[in-house]
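What follows is calculated from the coordinates using simple rules that are stated; it is not laboratory data. Computed from a predicted model, the values in this text were never measured in an experiment. Cβ atoms come from the backbone with ideal geometry, glycine included; neighbour counts cover every protein chain shown.
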Amino acid sequence: MTGYGKAETIFREHKLVCEIRSLNSKSVDLSMRLNPALRAHELDLRTLVSKRVERGKIDLAIYEDAAGSQELTANSLINWDAYKHYTEQFKEQMGVDVVPAEVLASILRFPDVLKVQEDCSDLTDEEWTSIQALLNQALDAFDAFRTQEGAALQAMFTEKLDGIAELLAQVEPFEKGRVAKIKERLEQNLAQLSAETQAEIDRNRLEQEMIYYLEKLDITEEKVRLTNHIKYFREVMANGEKTNGEGNGVGKKLGFIAQEMGREINTLGSKSNQSEMQIIVVKMKDILEQIKEQVLNVL
């Protein structure tokens, strides 16, 4: 499931930003881009993320916001060539000989003018607590984003399931007269046979074969199973049921249910010998494919 979360804090007199993004993936694939002062704690940060994110292609970045924290400090290095270049440009464009103090202050904050030397000293306990809090805040925002997306997915699934159920109900009117029409057509075909051939036909055996044939075309079981699958899909989706105790979510289970729904719909199609029913089956398949695509985004 896609997700995004962001949090900010002040770290060693500068604004530190934590961003976490994710795309759908079957397992946890975590890539990290860290402030140099945090590299010694990469494993700890990975552990914190893995405890709260079950799966996904995750990109975690903890970096210093140059635009939000560029201030002249003892650790600052000024690129004087760039500074002079900007001031001369300002004089030339504005037609002045002196650059106002407020403009000079702004130029000093340009990323390519002011560079802060990285402080890679070990983190104090207080600083490490602050970093953990920053990451948890970003993860909270990340979870809120995914919760919102999950609600939208649930609404979409509900709409699609309703659509399949409505289409299934449309099959019934065609089903009632279908057996009678098939039997009538078979009898018409028999009537076209010669009188000699008809006399040789065992009527009892014919009736048995006809009953067997018609039973094979009966779709009652498929309708019942498809209805049950739709019901079960709704229950799993609503209850957030876990597939086991290891933290695996409902995504795989919903995928399996969707596969079973597909089997029943395919069987309906193979047993449908009316164009109207075939059209309904095609519509159900189209809706089910939309469900399968989005199930991949469910944890």
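Do the alpha carbons of any pairs in Lys160/Lys253; Lys160/Lys181; Lys183/Lys292; Lys252/Lys285; Lys160/Lys216 sit beyond 27 Å of each other, and which pairs?
Details: Lys160/Lys253 17 Å; Lys160/Lys181 32 Å; Lys183/Lys292 38 Å; Lys252/Lys285 20 Å; Lys160/Lys216 29 Å.
From Lys160/Lys253; Lys160/Lys181; Lys183/Lys292; Lys252/Lys285; Lys160/Lys216, over 27 Å: Lys160/Lys181; Lys183/Lys292; Lys160/Lys216.
In the range 1-47, what trypsin sites (Lys or Arg not before Pro) fall in a loop by DSSP, with at most 16 other Cβ atoms inside 10 Å? Let's see the in-between values first.
On the way: sites: Lys6, Arg12, Lys15, Arg21, Lys26, Arg33, Arg39, Arg46; in loops: Arg12, Lys26.
For trypsin sites (Lys or Arg not before Pro) across the range 1-47 that sit outside H, G, I, E and B with at most 16 neighbouring Cβ atoms in 10 Å, the list reads Lys26.
If the chain linking Leu217 and Glu88 were pulled fully straight, counting 0.36 nm for each residue of separation and taking away their Cα-Cα distance, it would gain 37.7 nm.
Taking 41 Å as R0, compute the FRET efficiency from the Cβ-Cβ separation of Arg33 and Ser270 and round it to 0.05. The value I calculate is 0.20. Between Asn189 and Ser25, the FRET efficiency estimated from the beta carbon spacing at R0 = 41 angstrom works out to 0.10.
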